[in-house]
Amino acid sequence: MSASMSYLERSKLHSNPTAKAFLELMERKKSNLSLAADVTSKAALIELADKTGPYICLLKTHIDVVDDFDQDLVDQLTALAKKHDFMIFEDRKFADIGNTVKLQYSSGVYKIASWSDITNAHTVPGEGIIQGLREVGLPLNRCLLLLAEMSSAGTLAKGDYTNTTIELARKYKDFVVGFIAMQRYADKEGDDFIYMTPGVGMDQKTDGLGQQWKHPREVVYDLGCDVIIVGRGIYGQGRDPAKEAKRYQEAGWSAYLERISK
Ligand code: S5P
């Protein structure tokens, strides 16, 4: 696929139903913004999702940082996803052998596979991690992103590691629909990966803990990525989350429109 195709055109190229529906949703909602909702209470997470809901295509959670997690939180987030028309991405970053990740994905306190449309995994264990997650996720119509690169300073995910990750994604295309990546990679015949990029912020460059933030236009227009993942730029201290979410939605969407018309 080419970076100049619309999300809607690209939705037709996907066999995975969630990837297809996600690309359609982005076009319908005119949003390529994912909120990284890294807050530690159930009430704060629900409030943030409700306020930013009108502007986002994807709510990205770290469910294990919520102090008072319970099934009602999942029910409320799922209801908000319906109300505002967004999907849910539990940023679990699985990193174990196939048999273990199957259990971590399906069971335990969080039962991630039962509610999260999209999740992600590191490829450090080799392809067994994809096989394990796929056994659980595919029958539920879920899909997976692979971490091909990271946004943090000094990341080891680069070079051969990234290239092998791309090859693994090609091998399991029915389930692996894209990457966490910092740039779009060269396509091979038949590729259509969804690129989601964290480390996006318009007001600051770093957080003092290795995070590096880029402007949405650089990410979507210059580097060809599809979804901007924004956390503290939206809900950080003193910010109005709805106002900031709107600002990031507009910046991300106008960079996309500019890209597809180049
Ligand atoms: O390489 C990465 C991958 C991810 S998924 N770098 C990241 O920062 N992330 C996640 O994106 C991270 O876990 C956090 O939830 C979000 C970035 O948040 P922000 O507050 O720095 O915008």
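The values are calculated or read from the model by the stated rules, or taken from the named source; none is laboratory data. Computed from a predicted model, the values in this text were never measured in an experiment. Glycine also receives a Cβ, built like all others from the backbone with ideal geometry; neighbour counts cover every protein chain displayed. The accessibility values were calculated without ligands, DNA or RNA, using every heavy atom of the protein model including side chains. Shrake-Rupley method; radii C 1.70, N 1.55, O 1.52, S 1.80 Å.
Details
- Taking the criterion of being farther than 25 Å from LYS173 by Cα, open to solvent by 30 Å² or more (accessible area, probe 1.4 Å) and modelled with pLDDT of 95 or more, the residues of region 222-237 that qualify are ASP222, ARG232, TYR235.
- Within region 87-111, residues that are touching a residue at least 40 places away in the same chain (Cβ under 8 Å) reach partners that are acidic (Asp, Glu) and outside any helix (DSSP H, G or I) with beta carbons closer than 7 Å, at six or more positions or on different chains, in the pairs MET87/ASP117; PHE89/ASP117.
- Breaking point among (1) open to solvent by less than 60 Å² (accessible area, probe 1.4 Å); (2) touching a residue at least 40 places away in the same chain (Cβ under 8 Å); (3) among the hydroxyl-bearing types (Ser, Thr, Tyr), for SER15: (1)
- Residue list for region 183-210, filter: within 12 Å of the ligand (Cβ to nearest atom), within 29 Å of TYR172 (Cβ to Cβ) and open to solvent by 20 Å² or more (accessible area, probe 1.4 Å): PRO198
- Residues being open to solvent by less than 20 Å² (accessible area, probe 1.4 Å) and not hydrophobic (A, V, I, L, M, F, W, C) - total across region 23-44: 3
- Options ALA37, ALA44: the member that is within 16 Å of the ligand (Cβ to nearest atom), free of Cβ contacts under 8 Å to residues at least 40 places away in the same chain and within 21 Å of VAL74 (Cβ to Cβ): ALA44
- The residues listed here are ARG170, ARG92; of these, the one that is closer than 20 Å to TYR195 by Cβ, open to solvent by 30 Å² or more (accessible area, probe 1.4 Å), assigned to a strand (DSSP E or B) and among the charged types (D, E, K, R) is ARG92.
- Once region 25-34 is narrowed to residues that are farther than 16 Å from THR119 by Cα and not in a helix (DSSP H, G or I), the residue that is nearest to the ligand (Cβ to nearest atom) is LEU33.
- Look at (1) touching a residue at least 60 places away in the same chain (Cβ under 8 Å); (2) closer than 14 Å to CYS225 by Cβ and you find that LEU145 fails only one, number (1).
- Filter result (in contact with a Gly (Cβ under 8 Å, 6 or more places away or on another chain) and more than 19 Å from ALA255 (Cα to Cα)) within region 174-203: PHE175
- Some residue of region 96-106 being open to solvent by less than 10 Å² (accessible area, probe 1.4 Å) and in a helix (DSSP H, G or I): yes
- Inside region 107-131, residues that are away from the ligand (no atom under 14 Å from the Cβ), open to solvent by less than 40 Å² (accessible area, probe 1.4 Å) and more than 26 Å from ASP75 (Cα to Cα) make up a count of 4.
- Tally, over region 170-182, of residues that are within 16 Å of the ligand (Cβ to nearest atom) and not aromatic (Phe, Trp, Tyr): 6
- Residue list for region 54-76, restricted to those being open to solvent by 40 Å² or more (accessible area, probe 1.4 Å), more than 16 Å from the ligand (Cβ to nearest atom) and either part of a helix (DSSP H, G or I) or within 21 Å of LEU23 (Cβ to Cβ) (or both): PRO54, GLN71, ASP72, ASP75, GLN76
- The residue that is farthest from GLY210 (Cα to Cα), among those in region 144-158 that are more than 8 Å from the ligand (Cβ to nearest atom) and surrounded by fewer than 18 Cβ atoms within 10 Å (Cβ to Cβ), is LYS158.
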